[in-house]
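Student: First the structure, then my questions, so here it is.
The values are calculated or read from the model by the stated rules, or taken from the named source; none is laboratory data. Just so you know, these numbers come straight off a predicted model, no measurement behind them. Don't worry about glycine lacking a Cβ; one is built from the backbone with ideal geometry, like all the others, and counts go over all protein chains shown. For accessibility, only protein heavy atoms count, side chains too; no ligands or nucleic acids. Shrake-Rupley method; radii C 1.70, N 1.55, O 1.52, S 1.80 Å.
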Amino acid sequence: MSNWTLFSNHGHVLIYLARDPEARLRDVAADVGITERAVQKIVRDLQDGDMISVTKSGRRNCYRIHKKQPLRHKLEAGCNLQDLISMVNRGSGIERPDQAVAHKAEQGVKPGPEPGGSKHGPQPGPESKPISSKPQPVKPKPVKTAVKKDAEPAETKPSNGLEKQQGSLF
């Protein structure tokens, strides 16, 4: 069985940014399953197609979806981005944080901190395992430099006593 989806990576990135307008592209890439560079290209394509705009918010970017923009293919020309985003979000059961607050307000529930965590959802406790399987960064190995035979000896640093107790490190 092949691994294909109905939406392209452009559609996945657009839906992700609609759900979390302040998302880091690194997080978008990890969840969509493509490289960060590919996400950058897609965001540029979406900007060029006037589907999103990007503004700076401190050190982060904020992505605004132009919801009235019609879809690009002639078969979908009768729909706009809002129709697409609403359809996908309705079927997924996932709400953006601001939609959840509005929904709670309609039901008479006062907004407050979510039980079990921050605005990004419950945080894993000591007994639970993290949900995502993001790759851990690889630490670079130290590089040894060659010493020239004719080179002058380097200046010696004053000893702090540990070198005398444990012996020279080199």
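Student: At 1.4 Å probe size, what's the solvent-accessible area of THR5? Round to the nearest 10 Å².
Tutor: The accessible area comes out at roughly 90 Å².
Student: Given a 1.4 Å probe and the protein chains all in place, what does the accessible area of SER86 round to, in Å² to the nearest 10?
Tutor: For SER86, the solvent-accessible surface is approximately 40 Å².
Student: So if we plug the beta-carbon distance of MET87 and ASP45 into 1/(1 + (r/R0)^6) with R0 = 25 Å, what FRET efficiency do we get, rounded to 0.05?
Tutor: Calculated value: 0.70.
Student: Right, another one. Let me know the charge dipole size of segment 1-98 about its Cα centre in debye, to the nearest 20, where only the beta-carbon of Lys, Arg (+1) and Asp, Glu (-1) is charged. Working shown, then result.
Tutor: Details: 16 positive and 12 negative charges, 55 e Å.
Roughly 260 debye for segment 1-98.
Student: Report the accessible area of LEU84, computed with a 1.4 Å probe over the heavy atoms of all protein chains in place, in Å² rounded to the nearest 10.
Tutor: Roll a 1.4 Å probe over it and LEU84 shows about 30 Å².
Student: Relative to the present Cα-Cα distance, how much length would full extension add between ARG26 and LEU71 at 0.36 nm per residue of separation?
Tutor: 13.6 nm
Student: Using only Cα atoms, figure out Rg for segment 3-62 and give it as a multiple of 2.2 N^0.38 Å.
Tutor: Compactness ratio reported: 1.07.
Student: Leaving ligands and nucleic acids out of the surface, order LYS67, LYS41, LYS74 by accessible area at 1.4 Å, largest first.
Tutor: The ordering from most to least exposed comes out as LYS74, LYS41, LYS67.
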